[in-house]
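The values are calculated or read from the model by the stated rules, or taken from the named source; none is laboratory data. Because the structure is a prediction, the values reported are computed rather than measured. Reconstructed Cβ throughout: ideal geometry from the backbone, glycine too, with neighbour counts over all protein chains shown. For accessibility, only protein heavy atoms count, side chains too; no ligands or nucleic acids. Shrake-Rupley method; radii C 1.70, N 1.55, O 1.52, S 1.80 Å.
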Amino acid sequence: MELEQFSGINYKGSKRFTQWDIPTANATGFGAAADDYMERGIDLNEQLVRNKPATFFMRVTGDAMTGAGIFNGDVVIVDRSVKAVNGKVIIATLNGEMLIRRFEKNFNKIRLVPETPKLSPIDIDLSGSEFSIWGVVTYVIHSL
Amino acid sequence: MKAIVDCNSFYCSCERLFRPDLWNKPVVVLSNNDGCIISRSDEARQLGVGMAIPYFQARHIIEKNDIAVFSSNYHLYGDMSRRVMDTLRILAGETAEDDEAPARVEVYSVDEAFMDLSAIPTGDLTSYAKHIKDTVEQWTGISVSIGVAPTKTLAKLANIMAKKNKKESGCVKVLATEEEQRLALQQTRVDNLWGVGRSYAAKLINWGITSGWELRNMPEEWAHTNMGGVVGVRLIRELRGIPAIVMEEELVNKKMIATTRMFGRPVTALHELKEAVATYISRAAEKLRRQESAAKVVSVFIVSKEQDHLADFKRGGTISNYTTLPKSTSLTHELIKSAVELVEQLYENGKEYKKAGVMLSGLVPDDSIQGNLFVPAAENQHRFLMNTIDNINFSMRDDSVKFGSSGMNKNWKMRQELRSDRYSSRWEDLKGVR
């Protein structure tokens with residue numbers, strides 16, 4: 001979805017290898033032909049961790065975001081270096097608690113919107129509550 | 001120009017990052033064994049909690065003001081430290097692929113790093129330092145103070161000034177011009193200068209040199225005769241804005257490796273003492289192999305508790321001994337064997353011990369890493385065994401595989417009653433979000 005914004009020269013994840021790190025096939029003679037096509041394989045960190053020092057993992061407890069495909073017990077990947085804009089799923093701190101919600105910001109109004117009929121949106125009163133954005137959720141790891 | 005980036009109340013900041021309920025609240029972190037206060041938030045400082053004082057002495061203030069107390073959680077601090085340092089490296093343009101690039105970030109301690117800012121125009125230093133501060137804070141959640149000056153010593157001074165009045169300075173202080181440096185040095189007592197130890201400070205004040213500015217104006221020859229030769233000259237130059245302490249190349253291999261800990265409770269039995277020493281050796285040997293060295297000398301020391309109650313604050317008797325090995329080694333079991341023999345020699349029945357430590361020295365490059373034609377094949381096998389143990393312990397954590405001599409119960413282990421979770425480095429400890 002928003003890979004473009006991550007990829008390119010700004011990548012600061014854990015992808016770090018040279019041709020020498022790729023083990024070649026332990027073969028001689030004709031078998032060695034496959035050597036030309038050896039790859040390092042897929043490393044999930046490359047895809048899921050775009051900026052390593054700013055990336056944290058958290059465990060979801062509750063059903064606040066089931067509508068967004070985030071369920072109780074899932075692991076979410078949180079990137080503190082991504083800017084929270086309207087519509088992102090974020091980790092917010094509100095009056096000493098950490099919440100996962102969709103971030104809605106228009107004009108001068110901020111709302112934390114759950115994706116379950118069981119909970120109602122929270123209007124943030126910036127003068128009366130301790131609110132901050134802890135980080136932006138970039139991926140969810142869900143076990144099937 | 002050089003900058004020093006110093007994390008604000010680092011351990012407390014780490015603890016608070018995952019506890020928004022503690023933001024703007026007083027927090028303290030205790031040393032190993034919950035002995036002393038080693039980190040306090042600004043709020044705790046303002047309540048009058050002293051630095052490095054024993055926990056029990058501060059207990060009444062802590063309980064009265066409901067201050068949050070944590071045992072030290074070095075896994076968390078280590079991980080957060082790595083994040084801060086990595087962020088600085090990315091900002092400095094030190095990329096992982098470019099090993100040849102000169103290091104522009106020098107990690108000075110777990111919560112401080114020097115940065116080389118020679119590429120930044122003088123007029124942009126303040127805004128660049130602010131940019132570093134904001135980025136570190138945004139990415140890692142750790143707030144930092146930054147001092148910028150032509151030399152490391154003056155940068156340290158700038159940092160102290162930045163920290164003194166955070167609101168006004170915005171946690172950034174630049175001493176770029178001579179005029180700024182003069183004002184700063186005039187306001188600073190010599191004992192607050194980086195590199196001036198307590199005994200030199202006392203001497204200087206005795207001689208009538210009380211401010212940093214007075215010291216800066218002493219001739220170099222004087223410093224050479226009165227302040228320990230080259231070291232003194234370097235200090236004077238640094239104060240004058242002439243770099244004399246260079247950026248260190250990073251991660252020089254250590255010349256010795258030590259592991260030492262206080263016990264959670266006094267230890268009297270020989271077998272417990274042996275277990276402790278074997279555990280420390282395992283740790284030290286792991287570090288030894290990580291830097292691909294082998295050790296020739298194994299030293300062990302044990303510290304007994306004073307019997308005399310009046311001598312409570314005196315240092316207990318330390319006794320130590322060492323063995324020179326026939327051949328340098330990085331194999332845990334060989335090192336444990338000699339260390340345990342040393343413990344047997346040092347141990348006295350009936351004494352209570354409060355601390356033990358081991359040291360590996362006489363380090364040489366480990367030639368057993370490449371299979372060696374001239375040693376029996378069995379020794380090469382041992383190296384594989386060590387590699388396997390290290391790999392398992394690295395991936396599974398907490399010494400999943402260890403030698404039997406390290407013991408299974410570890411009754412002597414450090415007290416950490418108030419330790420928080422390892423939020424940033426363990427699957428089972430991840431922070432929950434609702």
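Count of the stretch B:205-235 residues, restricted to those that are open to solvent by less than 50 Å² (accessible area, probe 1.4 Å) and in contact with a strand residue (DSSP E or B) (Cβ under 8 Å, 6 or more places away or on another chain), is 2.
With the structure loaded, tell me whether A:Thr28 is at pLDDT 95 or above and among the hydroxyl-bearing types (Ser, Thr, Tyr) or whether it fails that test. No: the conditions fail for A:Thr28. Consider the stretch B:318-351 and keep the residues that are among the β-branched types (Val, Ile, Thr) and farther than 23 Å from B:Val267 by Cβ. The one that is most open to solvent (accessible area, probe 1.4 Å) is B:Thr324. Inside the stretch B:36-50, residues that are buried (at least 23 other Cβ atoms within 10 Å of the Cβ) and assigned to a helix (DSSP H, G or I) make up a count of 1.
B:Ile38 satisfies every condition listed in (1) within 14 Å of chain A (Cβ to nearest Cβ); (2) within 18 Å of B:Val144 (Cα to Cα); (3) touching a residue at least 24 places away in the same chain (Cβ under 8 Å) except (1).
Let's see how each residue does on (1) part of a strand (DSSP E or B); (2) under 23 Å from B:Asn24 (Cα atoms); (3) at the interface with another protein chain (Cβ under 8 Å from one of its Cβ atoms):
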| position | (1), (2), (3) |
| --- | --- |
| A:Ile70 | no, no, no |
| A:Ile77 | yes, no, no |
| A:Lys83 | no, no, no |
| A:Asn86 | no, no, no |
| A:Leu99 | yes, yes, yes |
| A:Ser120 | no, no, no |
| A:Ser127 | no, yes, no |
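Given the condition in contact with a strand residue (DSSP E or B) (Cβ under 6 Å, 6 or more places away or on another chain) and at pLDDT 85 or above, answer yes or no: does some residue in the stretch B:303-315 qualify? Yes, that holds for at least one residue.
Scanning the stretch B:180-219 for residues that are modelled with pLDDT of 90 or more, among the charged types (D, E, K, R) and assigned to a helix (DSSP H, G or I) yields B:Glu180, B:Arg182, B:Glu214, B:Arg216. On inspection, B:Ser71 passes the criterion of being under 23 Å from B:Tyr423 (Cβ atoms), in contact with a Leu (Cβ under 9 Å, 6 or more places away or on another chain) and among the hydroxyl-bearing types (Ser, Thr, Tyr). When the stretch A:101-115 is filtered for residues that are open to solvent by less than 30 Å² (accessible area, probe 1.4 Å) and more than 12 Å from chain B (Cβ to nearest Cβ), the ones remaining, listed by number, are A:Phe103, A:Ile110, A:Val113. The C-beta contact set for the stretch A:47-62 (first residue more than 7 Å from chain B (Cβ to nearest Cβ) and free of Cβ contacts under 8 Å to residues at least 24 places away in the same chain, second residue assigned to a strand (DSSP E or B) and open to solvent by 10 Å² or more (accessible area, probe 1.4 Å), distance under 9 angstrom, 6+ apart or interchain) comprises A:Gln47/A:Tyr139. For B:Leu204, the criteria (1) in contact with a Cys (Cβ under 8 Å, 6 or more places away or on another chain); (2) of a type in the set (A, V, I, L, M); (3) more than 30 Å from B:Leu76 (Cα to Cα) hold in every case but one, which is (1). Considering the stretch A:88-97, and only residues there that are open to solvent by 10 Å² or more (accessible area, probe 1.4 Å) and more than 9 Å from chain B (Cβ to nearest Cβ), the residue that is farthest from B:Tyr423 (Cα to Cα) turns out to be A:Lys88.
If you check B:Asn33, B:Asn24 for being surrounded by fewer than 16 Cβ atoms within 10 Å (Cβ to Cβ) and either more than 14 Å from every other protein chain (Cβ to nearest Cβ) or not in a helix (DSSP H, G or I) (or both), only one passes: B:Asn24.
Per the conditions (1) at pLDDT below 75; (2) within 14 Å of chain A (Cβ to nearest Cβ), the sole criterion not satisfied by B:Lys431 is (1).
For beta carbons closer than 8 Å, sequence separation of 6+ or different chains, a first residue in the stretch B:46-66 that is at negative phi and a second that is part of a helix (DSSP H, G or I) and among the acidic types (Asp, Glu), the qualifying pairs are B:Tyr55/B:Asp34. As for the stretch B:59-70, it holds no residue that is within 14 Å of chain A (Cβ to nearest Cβ), within 17 Å of the chain's Cα centre (by Cα), open to solvent by less than 70 Å² (accessible area, probe 1.4 Å) and at pLDDT 90 or above. In the stretch B:188-204, the qualifying residues are those that are over 18 Å from B:Lys152 (Cα atoms) and surrounded by fewer than 14 Cβ atoms within 10 Å (Cβ to Cβ), and the one that is nearest to the chain's Cα centre (by Cα) is B:Arg198.
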